[in-house]
1. For TYR166, state whether it is among the hydroxyl-bearing types (Ser, Thr, Tyr), assigned to a helix (DSSP H, G or I) and surrounded by 17 or more Cβ atoms within 10 Å (Cβ to Cβ).
2. Just the residues that are touching a residue at least 40 places away in the same chain (Cβ under 8 Å) and polar (S, T, N, Q), please, taken from the stretch 47-90.
3. Would you check which residues across the stretch 92-136 are surrounded by 16 or more Cβ atoms within 10 Å (Cβ to Cβ), over 23 Å from the mean Cα position of the chain (by Cα) and of a type in the set (S, T, N, Q) and list them?
4. Considering only the stretch 159-179, I want to know if a residue exists there that is of a type in the set (S, T, N, Q) and closer than 23 Å to ASP143 by Cβ.
5. When you scan the stretch 70-124, how many residues do you find that are acidic (Asp, Glu) and over 26 Å from LEU211 (Cβ atoms)?
6. Which condition does LYS86 not pass, out of (1) at pLDDT 95 or above; (2) more than 30 Å from GLY126 (Cα to Cα); (3) in contact with a strand residue (DSSP E or B) (Cβ under 8 Å, 6 or more places away or on another chain), if it passes all the others?
7. Hey, any hits in the stretch 234-253 for a residue that's in contact with a Gly (Cβ under 7 Å, 6 or more places away or on another chain) and not in a loop (DSSP other than H, G, I, E, B)?
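The values are calculated or read from the model by the stated rules, or taken from the named source; none is laboratory data. What you see is a predicted model; the values in this text were computed from it and never measured. Here the Cβ positions follow ideal geometry from the backbone for every residue, glycine too, while neighbour counts run over all protein chains shown.
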Amino acid sequence: MRRRNFILLGGGLAILIGVVLALVVAGWPSTDSVGYDPNLRFLLRSDPIIAKLPPTPPNDLHGSGKLDESIADLPNTGGKLLEPAKLPKADRDKLAAVLDDLFGTPAAPKLSGDPLGLTPAKLAVGSRVYKEKCAQCHGSTGDGRGPTGLYVYPHPRDFRLAKFKYISSTVGLTTRDDVVAMVKVGIAGNSMPSFALLPPDQLDAVVDYTLFLALRGKVESDLLSAVLGEDGLTGPPELFAELSLTHWAKRFADAEAKVVRPPVPPLDVKDGGTDAAYDGQVRRGFAAFQTAGCASCHRDYGRETHYLYDDWGVAVRPANLSAGTYRAGGDPLDLFRRIRCGIPPSGMPGVGEGTLSDAQVWDLVLFLKALPVPRHLPDDVRAKIYK
C-alpha cells in the first residue's frame, strides 16, 4: 500500500511540476509589452562549436543541467570543438559588429535584403512575443540556454544550426509550416507545450522570429567556424557573412519547394478494410521495415536501448516503436513524411523512392500503427516480434 501511495504522490508531484513549468514557458500575465531593451545587443556566441562528433556512440544520456559539461567532454572521446570564447576581444567585438549590421538587435531585428519575407515590422512583433513566450527556455539568441533551458530534459532546441528535427521537405531543412506545426501542437514527451491559443498574428510573428534566429545563428556559426578553422578567414568578414546569409536564405526557400505531399492513403490505412487486405498490407510493411534498414537503429523495434549523437552533440535514443508514441505526431500523414524526410539532425535518413515506393511507405505506416498493439498484427508477424 505504501508503494502505491508513493507512486500516486510521485505522479501528483510530476503533474504539479508540469503545470508550473507550462505556466513559466507560456508566460504569466506580462508586465512588459515593449519587448527587449533597445540598448541590448545579441551576444556573440561563446560556447563551443562542434566541428566533429566522436566516432563511437555515447554510453548514456547526459543528465539534466549537464549539456555544456557533456559537450566539453566530446574531445576526450574523439570529437573536435572550436572555441569562440578564446578569440581575442578585439576580434570578437569586430565579428559582433558585423552581425549587428546584418541582423540588428533583439529590439530591432532585421535581415539584409528581406529574404523569405521576414520584414523588420514582422520581426519586431515576433521579437516581443518570443521574449514573453519562448526565451525562458530557448534563450534570447535561440541557443536553447534560457534561464530554465539548461534544466529541462530533453533539452530545448538550439536554433543556431538552422536545423529542425521534424520536417516535411526532402532537402533536410524546415519549412515555415513545419515550425507553425511545432508551435501550435508542441512536442509530445518533452517540455515544449502547445501555443495553439496564441492569436494568429502573434503565432505567425513568433514563427518568423524563430526562422530569423535560425538564419542569424547559422551565419554566426559559419563565420566563427571560418575564423577558427585551420586556414582562417581569408576575406572580409562582412562579405563572408552576407554570402552565408544569401546561401542559407536560398536553402530555406528551396525547402518550401521540396515539400513531401503524400498521395491519398489506401483504404486500409484510412478506414480499415477486409482482414485479408489488412493483414497483407501489414506483412508488406513488416518487410519494408527490413528493406529500408530501419532495424539498424530501431533495434528490436526500438526496445533495445542504445544511443547516438545528434548534430547538437546530445545523446539521443532511437524511438521505441513498440510504444506507439511519436514526438512529432503519429497520424498516418506524419509518419509518411517522417519516413520520407527522416530526422536528419538525429542521423535518421529519409527513405527515397528508389528504396520504397509510395505504396510501400503506406504499408510501412500501417505496420508501425499496428506494431504497438500485438492483436492488430497478423499471427505470423506477431510471433516474430513478440516472442
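1. It is false that TYR166 is among the hydroxyl-bearing types (Ser, Thr, Tyr), assigned to a helix (DSSP H, G or I) and surrounded by 17 or more Cβ atoms within 10 Å (Cβ to Cβ).
2. ASN59, SER64, SER70
3. Of everything in the stretch 92-136, just one residue is surrounded by 16 or more Cβ atoms within 10 Å (Cβ to Cβ), over 23 Å from the mean Cα position of the chain (by Cα) and of a type in the set (S, T, N, Q), namely THR105.
4. yes
5. Of the residues in the stretch 70-124, 4 are acidic (Asp, Glu) and over 26 Å from LEU211 (Cβ atoms).
6. Looking at each condition in turn, LYS86 falls short on (3).
7. No - not one qualifying residue is present in the stretch 234-253.
Per-residue answers, yes or no, for (1) over 24 Å from GLY117 (Cβ atoms); (2) assigned by the TED database to the domain that holds VAL316; (3) surrounded by fewer than 17 Cβ atoms within 10 Å (Cβ to Cβ):
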residue: THR210; (1), (2), (3): no, no, no
residue: ASP222; (1), (2), (3): no, no, no
residue: PHE240; (1), (2), (3): yes, no, no
residue: THR246; (1), (2), (3): no, no, yes
residue: ALA253; (1), (2), (3): no, no, yes
residue: VAL264; (1), (2), (3): yes, no, yes
residue: CYS294; (1), (2), (3): yes, yes, no
